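Accompanying notes for the structure given below.
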Amino acid sequence: MFQFKQFAVDQSGCAMKINTDGVLLGALTQANELQSILDIGTGTGVIALMLAQRFVTAKIDAVEIDEAAATTADRNFKASKFAERLTAHHIGFEEYFRQNPNLKYDLIISNPPFYINSLKSPGKQRTVAKHTDEQFFDKLLSTTSKHLTSDGLLWLILPVTTSGVVQAIAKNYGLYLHTQIDIKSYPQSEPHRHIVAFSLHELPVTVTDFTIYAEPKKYTAQYESALKDFFTIF
């Protein structure tokens, strides 16, 4: 059980536990007032819960193909004070949209499997959670591009190399890079993750840096500011 300031997350049955990637995506996603959000591959449900806390008028659907994780997310949603605005669905995103062809969202968000064509991790469940190929991202981008509202945004967190691949694929489906946040471990480090947002409209791209640690075991003020509304240590 991971205790946040306004909710708790039970991680039972989830191959991917709460991690820095997920909480940074939940904290740093930028959007105007939202009415509808879809979280693809919700896992424990932590990103959906963070967004429910941040965007108080939004209704949030969360899809998860792994049955155990979907059950855990559903339990976490129902135990939270945001329960009326959160719904977990045990289904893949492609089938979800086949069943709901007219649904559109102001925000679609995902901390997706992202190790493209690399050595698979031990254990089938964890492999599904972490590893994929370019075809997955082609399907993700082609599908989500049809289910964003006119001003909707698609937000993802990705390794830097994967980000380049995804940005190239996005252009094929009329998705334009809108925002890029370069995530670094230390001030002197090279970025190891990109948080990226795509829009249906071509606009000037905003690129910023975000650093997690000032030095070993000491978070930056930037990190503390981003997570202070969520983590009990701040």
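Residues in the range 19-29 that are in a loop (DSSP other than H, G, I, E, B) and over 17 Å from Gln53 (Cα atoms): 1 in all.
Being of a type outside the set (S, T, N, Q) and part of a loop (DSSP other than H, G, I, E, B) is the filter here, so list the residues in the range 210-234 that pass it.
Ile212, Pro216, Lys217, Lys228, Asp229, Phe230, Ile233, Phe234
The conditions of being closer than 24 Å to Ser199 by Cβ and within 17 Å of the chain's Cα centre (by Cα) are met by Pro112.
Beta carbons closer than 7 Å, at least 6 apart along the sequence or on distinct chains, pair a first residue in the range 4-21 that is within 17 Å of Ile157 (Cβ to Cβ) with a second that is aromatic (Phe, Trp, Tyr) and outside any loop (DSSP other than H, G, I, E, B) for Ile18/Phe2.
Scanning the range 34-53 for residues that are part of a helix (DSSP H, G or I) and touching a residue at least 60 places away in the same chain (Cβ under 8 Å) yields a total of 3. Determine, yes or no, whether Thr179 is surrounded by fewer than 17 Cβ atoms within 10 Å (Cβ to Cβ), polar (S, T, N, Q) and under 18 Å from the mean Cα position of the chain (by Cα). Spelling it out, it is not the case that Thr179 is surrounded by fewer than 17 Cβ atoms within 10 Å (Cβ to Cβ), polar (S, T, N, Q) and under 18 Å from the mean Cα position of the chain (by Cα). Being touching a His at 6+ places or on another chain (Cβ under 6 Å), crowded, with 19+ Cβ neighbours inside 10 Å and more than 24 Å from Thr211 (Cβ to Cβ): is that true of Val63 here? The answer is yes for Val63. Taking the condition of being closer than 23 Å to Thr144 by Cα, of a type in the set (Ser, Thr, Tyr) and either part of a helix (DSSP H, G or I) or without any contact (Cβ under 8 Å) to a residue 60 or more places away in the chain (or both), how many residues in the range 70-109 meet it? Result for the range 70-109: 2.
Do we find that Tyr223 is surrounded by 13 or more Cβ atoms within 10 Å (Cβ to Cβ), without any contact (Cβ under 8 Å) to a residue 12 or more places away in the chain and more than 22 Å from Ser150 (Cβ to Cβ) in this structure? Considered against the rule, which asks whether it is surrounded by 13 or more Cβ atoms within 10 Å (Cβ to Cβ), without any contact (Cβ under 8 Å) to a residue 12 or more places away in the chain and more than 22 Å from Ser150 (Cβ to Cβ), Tyr223 comes out as no. Quickly run through the range 149-182 and pick out the residues that are of a type in the set (Phe, Trp, Tyr) and either at pLDDT below 95 or within 26 Å of Tyr223 (Cα to Cα) (or both). The answer is Trp155, and nothing else.
Every test in (1) crowded, with 18+ Cβ neighbours inside 10 Å; (2) of a type in the set (Asp, Glu); (3) at pLDDT 95 or above is passed by Glu95 save one, and that test is (1).
Scanning the range 66-80 for residues that are touching a helix residue (DSSP H, G or I) at 6+ places or on another chain (Cβ under 9 Å) and surrounded by fewer than 18 Cβ atoms within 10 Å (Cβ to Cβ) gives a single hit, Ala68. The residues of the range 141-194 that are small (Gly, Ala, Ser), out of contact with any Leu (no Cβ under 9 Å at 6 or more places or on another chain) and not in a helix (DSSP H, G or I), listed by number, are Ser185, Ser189.
The values are calculated or read from the model by the stated rules, or taken from the named source; none is laboratory data. All values reported here derive from a predicted model rather than from experimental measurement. As a convention, Cβ positions derive from the backbone with ideal geometry for all residues, glycine included, and neighbour counts pool all protein chains shown.
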